[in-house]
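What follows is a single structure, written as structure tokens, with notes after it.
The values are calculated or read from the model by the stated rules, or taken from the named source; none is laboratory data. Note that the coordinates shown come from a computational prediction; the quantities given were computed from them, not determined experimentally. Reconstructed Cβ throughout: ideal geometry from the backbone, glycine too, with neighbour counts over all protein chains shown. Ligands, DNA and RNA are stripped out before the accessible areas are found, and what is left, the full protein with its side chains, is counted by its heavy atoms. Shrake-Rupley method; radii C 1.70, N 1.55, O 1.52, S 1.80 Å.
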Amino acid sequence: MSPIESAFKAAQDRYAAIGVDASAAIAKLAGVAISLNCWQGDDVAGFEGGGALGDGLAVTGSYPGKARNGDELRADLDEAYRLIPGRHRLNLHALYAECGGEHVDRDALETKHFSRWIDWAKANGHGIDQNPTYFSHPHSSSGFTLAHQDAGIRQFWVDHGIAMRNIAADTGRALGTPCVNNVWIPDGLKDLPADRKAPRQRLTESLDAIFAEPKDAKHIRDAVEPKLFGIGSESYVVGSYDYYLGYALSRKKVLCLDSGHFHPTEVIGDKISSVFAFIDEVLLHVSRGVRWDSDHVVILNDEILLLAQELVRGDFLGQTHIGLDFFDASINRVAAWVIGTRSTQKALLRALLDPVARMKEAELAGDYTTRLCLGEEAKSLPWGAVWDYFCELQGAPVGEAWLGELKKYEQKILAAREAPVAKPRAAVAK
Ligand code: RNT
Ligand code: ZN
């Protein structure tokens, strides 16, 4: 028996004593696929070769070795998946289409432009999720897309939405697992609007046009993503939370909850059981806002723990698509995926190991002392031993061992991507 396994056995006994089945927790965690956001790999640059990132999105940092094309991005993702226990998905974006050097505008994208992604996903057992890209484009430069006052520009973006829906459905069909197609638009205003109503009416018309064609739920799920504010849309966001909650509810769509898209004291964990009272499926963009929607890498903090507890305690995992959404260019970008995904999984595992049955029982009996005591004691139970064993079972590195492996990848692969720096000319002594 390996030291990891014997530590697990001891932990398992400890959990059994409080009525928790650690093996069952591991089995459940193995079934949770997390959708890694491709855009962490290249700072949301994409392959269109266009202008700078904007429309409310910002990436800071200049860590060397950023992926510059599909092959490099896939190689980096392969490395990340290798270091994460379990089988996971990929969260793609329209601007990662591979058009073989040809300029194909967003309204003309077809499934063939994603065939390299689909083939790679099939070969490696990954599901794919998609996102139409409503930013970093000349037609989004005014800060408006689907709610634009110009009917022509609106139509361009509706056509993009339709194209991406077709692509998502084909992707889901090809991979045998539904592709979640998530619509986020930057539309909003920096300063106080004179008219808050008309853009929202236009957005409803545009969305209804995009979703007009019925699609098979076996292949595609349509999701919509609300937001409180963005850089340049501080005063007004057309697709607010209230707006999309109503839209998703009335149109039977998947509601996307991004942890960075609410007031700093508002947490999405608290919303889970409310939205599931009326909505069938939720997409999560697990992220970490620091003072604002800063998209820091997810860590194992109280916010993510609450989110995981709510998913587990409400038995909502089967109706929840878990995606990541962060972009940090100040650290190794592959490490960002590994840390964010492993931390999300750790939160889920801890939630699965909580003595929930006993806590609920105490709550119903009005014994809040016991409830508080059990929750606090659970925090120092040997969940780390269960996590290590899960990693070992899944053939993933245990503990920080993954970092050593990634450093080798960095030295061998990422470093080679940097153009050699010209040596400064020696100062000439006068
Ligand atoms: C922006 C949204 C959106 C994006 C991605 C790149 O605030 O969170 O999900 O981060 O589409
Ligand atoms: Zn998001």
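Given the structure, is Pro226 under 20 Å from Ala147 (Cα atoms) and not polar (S, T, N, Q)? In short, yes.
Would you call Leu57 touching a strand residue (DSSP E or B) at 6+ places or on another chain (Cβ under 9 Å), outside any helix (DSSP H, G or I) and on the phi < 0 side of the Ramachandran plot? Step through it out loud before you land on a result.
Working: touching a strand residue (DSSP E or B) at 6+ places or on another chain (Cβ under 9 Å): yes; outside any helix (DSSP H, G or I): yes; on the phi < 0 side of the Ramachandran plot: yes.
Yes, satisfied.
I'm checking my understanding of the structure. Among residues of the stretch 56-67 that are open to solvent by 40 Å² or more (accessible area, probe 1.4 Å) and in contact with a helix residue (DSSP H, G or I) (Cβ under 8 Å, 6 or more places away or on another chain), which one is farthest from Phe326 (Cα to Cα)? Step by step, filter the stretch 56-67, then rank; the result is Pro64. The single condition from (1) in contact with a Pro (Cβ under 8 Å, 6 or more places away or on another chain); (2) away from ligand 1 (no atom under 15 Å from the Cβ) that Asp195 fails is (1). Does Asp13 satisfy the condition of being without any contact (Cβ under 8 Å) to a residue 60 or more places away in the chain and open to solvent by 30 Å² or more (accessible area, probe 1.4 Å)? Judged against the criteria, Asp13 is a match. The one condition from (1) surrounded by fewer than 21 Cβ atoms within 10 Å (Cβ to Cβ); (2) within 12 Å of ligand 2 (Cβ to nearest atom) that Ala223 does not meet is (1). A residue that is touching a Pro at 6+ places or on another chain (Cβ under 7 Å) and not aliphatic (A, V, I, L, M) occurs nowhere in the stretch 72-87. For His139, the conditions (1) surrounded by 23 or more Cβ atoms within 10 Å (Cβ to Cβ); (2) touching a helix residue (DSSP H, G or I) at 6+ places or on another chain (Cβ under 6 Å); (3) modelled with pLDDT of 95 or more; (4) closer than 30 Å to Trp292 by Cβ all hold with the exception of (1).
Table: residues versus (1) at pLDDT below 95; (2) open to solvent by less than 30 Å² (accessible area, probe 1.4 Å); (3) outside any loop (DSSP other than H, G, I, E, B).
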{"site": "Gly143", "(1), (2), (3)": "no, yes, no"}
{"site": "Trp157", "(1), (2), (3)": "no, yes, yes"}
{"site": "Gly161", "(1), (2), (3)": "no, yes, yes"}
{"site": "Ile167", "(1), (2), (3)": "no, yes, yes"}
{"site": "Val180", "(1), (2), (3)": "no, yes, yes"}
{"site": "Leu192", "(1), (2), (3)": "no, no, no"}
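Residues in the stretch 361-397 that are under 27 Å from the mean Cα position of the chain (by Cα) and open to solvent by 90 Å² or more (accessible area, probe 1.4 Å): Lys379, Leu393. Applying the criterion of being open to solvent by less than 10 Å² (accessible area, probe 1.4 Å) and in a loop (DSSP other than H, G, I, E, B) to the residues of the stretch 234-252, the residue that is nearest to ligand 2 (Cβ to nearest atom) is Gly239.
Scanning the stretch 287-301 finds one or more residues that are within 14 Å of ligand 1 (Cβ to nearest atom) and β-branched (Val, Ile, Thr).
If you go through the stretch 196-212 one residue at a time, do you hit one that is buried (at least 19 other Cβ atoms within 10 Å of the Cβ) and part of a loop (DSSP other than H, G, I, E, B)? Yes - at least one qualifying residue is present in the stretch 196-212.
Scanning the stretch 20-60 for residues that are over 21 Å from Thr341 (Cβ atoms) and of a type in the set (Phe, Trp, Tyr) yields a single hit, Phe47. With respect to (1) at pLDDT 95 or above; (2) over 14 Å from Asp42 (Cα atoms); (3) outside any helix (DSSP H, G or I), the lone exception for Tyr81 is condition (3). Of the set (1) away from ligand 2 (no atom under 16 Å from the Cβ); (2) of a type in the set (A, V, I, L, M); (3) open to solvent by 20 Å² or more (accessible area, probe 1.4 Å), all apply to Ile231 but (1).
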